[in-house]
Amino acid sequence: MQYFNLKEPSQIVSFSEAIQLGLGNKQGLFMPTEIPEFFDRRIIELLNMPFAERSVEILAPYLAPEFDYDEVKEIVHDAFNFEIKLESVNESKNQHVLELFHGPSLAFKDFGARFLARCLSKVLGSNDTTILTATSGDTGAAVAHAFYAVDNVRVIILYPKGKVAPLQEKLFSTLGYNIETLAVDGDFDACQALVKQAFSDEKLREAVPISSANSINIARLLAQVCYYFEIIAQHPQVNNVCVPSGNFGNLTAGLIAKVMGLPLQKFMAATNANDTVPRFLQDGTWAPNPTIATVTNAMDVAQPNNFPRVEYLARAYGFKFNQTIFSKSVTDTQTKAAVKILHSNGYLADPHTALGIFASREWENVATLGTAHPAKFLEVLTEQGIIVDLPPAIAKVEDKQSLAIDMANDYIAFREYLKEA
Ligand SMILES: Cc1ncc(COP(=O)(O)O)c(C=O)c1O
């Protein structure tokens, strides 16, 4: 498969190049030049397969010819080695949650990060690289765990100081070894801007080979396509999905699954008060406001990086906004109330997942993506009087010292750090 740059379509690269570069020229995002489509009988066959086996079939064409089928099989089985559950939250409306948080860092990001780490290790062989990642919370933990102690890889995680849930922060800032963490004096968009600037800094790139593990990296999104198939495999009547959205990578993956032939009808991209996309869908103007801090901090993104991918897919495959792709903004008050009501009805959801369940409450036959384990957001749950047992992954790091280094929101300082350390 080849990949083209959305900002400069004449830049066409292989899968290996796309995942190493992260971003193309002019900071353009890579997309596959064609999306393989499966037709009726093949879709049924795929839906009858176990998750990992099916995922090999889905991903193999995107990695060919550089990775042969057996290599893809090895990567996928090793990366996707944890459970995915579809839990019912409202039987009468056939509403569900697809729980994607049973991996090592307790968030859906484990799928993409583990898959990318394994692909990059193969591509890099014995070459050194530095992985740059901006995180609003969960990416940091997933990437840190996926690359921890991988030879030749230095990982630098940038996160907005004081704006990430404390337990989330502990999951990535306490590892050390090849995982470095920078607490940036700014918001997530500022962290993302520093990373982007490093990618367009040719001189820096000559001195320090860098790759990205953010959802700008197409490998992460391809991995995420796989779990959309699992929704219908587990419940054939579910045909709508609600995606708690920040950077819009997960929504991009869902749309790719639909193009591939998965019979999904409608997508609800649920946002918090950072409502650039719902406002855009309403009045057609792209007018990001400054980022607002919310209880769903992993979605505090005012300038979603992946939205050009969503727009491209909508244009190329005829998905209409407000017919196939919907978007709604949910307030913190609504999110907290949703956490409480869901809990009293017997389902414990983290705030991001609860926000999605709330946004899609009027839909039937819908699965909301359960994006993070509730225990990662103890403060919000405790405020609602909910007591949660800490899963071992969190209990282990709770009392550990953060190793993060403070960093000004200043590109020159960041550049120096990259070159010196
Ligand atoms: C818990 C959680 N929910 C939702 C999202 C939003 O996903 P996306 O950025 O792909 O829209 C994130 C991403 O950071 C997250 O960590």
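The values are calculated or read from the model by the stated rules, or taken from the named source; none is laboratory data. Because the structure is a prediction, the values reported are computed rather than measured. Virtual Cβ from ideal backbone geometry, glycine too; neighbours counted across all protein chains shown.
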Next on the checklist: On the basis of being under 25 Å from Asp189 (Cα atoms), within 16 Å of the ligand (Cβ to nearest atom) and in a helix (DSSP H, G or I), does Leu313 make the cut?
Outcome noted: yes
Next on the checklist: Just the residues that are part of a loop (DSSP other than H, G, I, E, B), of a type outside the set (Ser, Thr, Tyr) and within 12 Å of the ligand (Cβ to nearest atom), please, taken from the range 135-167.
Outcome noted: Gly137, Val164, Ala165
Next on the checklist: Tell me yes or no: at least one residue of the range 225-241 is free of Cβ contacts under 8 Å to residues at least 40 places away in the same chain, hydroxyl-bearing (Ser, Thr, Tyr) and closer than 28 Å to Phe319 by Cα.
Outcome noted: yes
Item to check | Selection status of Ala213, away from the ligand (no atom under 14 Å from the Cβ), among the aliphatic types (A, V, I, L, M) and under 30 Å from Pro288 (Cα atoms) | outcome: no
Item to check | Top-ranked residue of the range 236-281 - restricted to ones that are hydroxyl-bearing (Ser, Thr, Tyr) and assigned to a helix (DSSP H, G or I), ranked as farthest from Gly370 (Cα to Cα) | outcome: Thr276
Checklist entry - Which one of the conditions (1) farther than 20 Å from Leu100 by Cβ; (2) more than 12 Å from the ligand (Cβ to nearest atom) does Phe307 fail to meet, given that it meets all the rest? => result (2)
Next on the checklist: I'd like the full set of residues that are part of a strand (DSSP E or B) and more than 12 Å from the ligand (Cβ to nearest atom), limited to the range 322-380.
Outcome noted: Ile325, Phe326, Lys328, Ser329, Val366, Ala367
Checklist entry - Which one is modelled with the lowest pLDDT among residues in the range 94-134 that are within 10 Å of the ligand (Cβ to nearest atom), outside any strand (DSSP E or B) and touching a strand residue (DSSP E or B) at 6+ places or on another chain (Cβ under 7 Å)? => result Leu106
Checklist entry - How about the range 282-310: which of its residues are part of a helix (DSSP H, G or I) and over 24 Å from Lys196 (Cα atoms)? => result Gln282, Asp283
Checklist entry - Do we find that Ala273 is farther than 19 Å from Val366 by Cβ, modelled with pLDDT under 95 and more than 13 Å from the ligand (Cβ to nearest atom) in this structure? => result no
Item to check | Number of the exception - Phe229 against (1) in a helix (DSSP H, G or I); (2) away from the ligand (no atom under 14 Å from the Cβ); (3) farther than 22 Å from Gly356 by Cα; (4) among the aromatic types (Phe, Trp, Tyr) | outcome: (3)
Next on the checklist: For the range 60-83, give me each residue that is touching a residue at least 24 places away in the same chain (Cβ under 8 Å) and farther than 30 Å from Gln2 by Cβ.
Outcome noted: Phe82
Checklist outcome for this item: Given the conditions (1) crowded, with 21+ Cβ neighbours inside 10 Å; (2) in contact (Cβ under 8 Å) with a residue 40 or more places away in the chain; (3) of a type outside the set (Phe, Trp, Tyr), every one holds for Glu383 apart from (1)
Checklist entry - For Glu99, are the conditions met, namely being among the charged types (D, E, K, R), buried (at least 17 other Cβ atoms within 10 Å of the Cβ), out of contact with any helix residue (DSSP H, G or I) (no Cβ under 8 Å at 6 or more places or on another chain) and farther than 28 Å from Pro209 by Cα? => result yes
